[in-house]
Amino acid sequence: MIDAAEADITDGEAHAQLGAIEAACAAVPVYSELLSARQRYMGMLPYVAAKHALRGWEGESLPAFAARLGVVPDDLLEVLPPEEVEMVGWRASALMQPGRAALGNSASPSLSSASPAPVTGASSQRTAGAGRSRAKSTKRTRA
């Protein structure tokens, strides 16, 4: 049902069925907490995305744009009309996530030249045999 509702946002029947399922599950305390957390997340998402995505603005009566470490401060974002911040935030959020067509389209990263070659089976390198040392054999280890 979730896939059907997400696949076509104009499918009223799929959304109605999903709404009925959510309403029936809302009485379960754990699910109710999850719904509340989702509502908080969806309420904050456009503002957080806009804070990170905005790179400037123009217009009369707008303060000078400023960002600290790439993030627009809350007090400056509050000066903008809430509808516009929300619109920019939703667009930024959509651009931050790959679409279904883009999923899996990137190649695996290549191994760096510093990566050791993988070892398969027995190694062809032989270890050196017992060497001959002139040092005394002792059981004490120096600290």
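The values are calculated or read from the model by the stated rules, or taken from the named source; none is laboratory data. Note that the structure is a prediction, hence the values are computed from the model and not measured. Cβ placement follows ideal geometry from the backbone for every residue including glycine, while neighbour counts extend to all protein chains displayed. Calculation scope for accessible area: heavy atoms of the full protein, side chains included, ligands and nucleic acids excluded. Shrake-Rupley method; radii C 1.70, N 1.55, O 1.52, S 1.80 Å.
Scanning the range 28-67 for residues that are open to solvent by less than 90 Å² (accessible area, probe 1.4 Å) and at positive phi yields GLY56, GLY59. Based on what the data block shows, is VAL119 at pLDDT 70 or above and either open to solvent by 100 Å² or more (accessible area, probe 1.4 Å) or assigned to a loop (DSSP other than H, G, I, E, B) (or both)? The answer is yes for VAL119.
Among the conditions (1) in contact with a Pro (Cβ under 9 Å, 6 or more places away or on another chain); (2) in contact (Cβ under 8 Å) with a residue 12 or more places away in the chain; (3) of a type outside the set (Asp, Glu), the only one that LEU62 does not satisfy is (1).
Within the range 84-105, restricting attention to residues that are open to solvent by 100 Å² or more (accessible area, probe 1.4 Å) and among the polar types (S, T, N, Q), the residue that is farthest from LEU62 (Cα to Cα) is ASN105. Pairing each residue of the range 31-48 that is farther than 17 Å from ILE21 by Cβ with any residue that is part of a helix (DSSP H, G or I) and among the small types (Gly, Ala, Ser), provided the two are 6+ apart or on different chains, yields C-beta distances under 6 Å for LEU45/SER93; PRO46/GLY89; TYR47/GLY89.
Restricting attention to the range 86-105, the residues that are closer than 13 Å to PRO46 by Cα and of a type outside the set (Lys, Arg) total 10. Among the residues of the range 9-27, those that are outside any helix (DSSP H, G or I) and either of a type in the set (Phe, Trp, Tyr) or surrounded by 11 or more Cβ atoms within 10 Å (Cβ to Cβ) (or both) comprise ASP11, ALA26.
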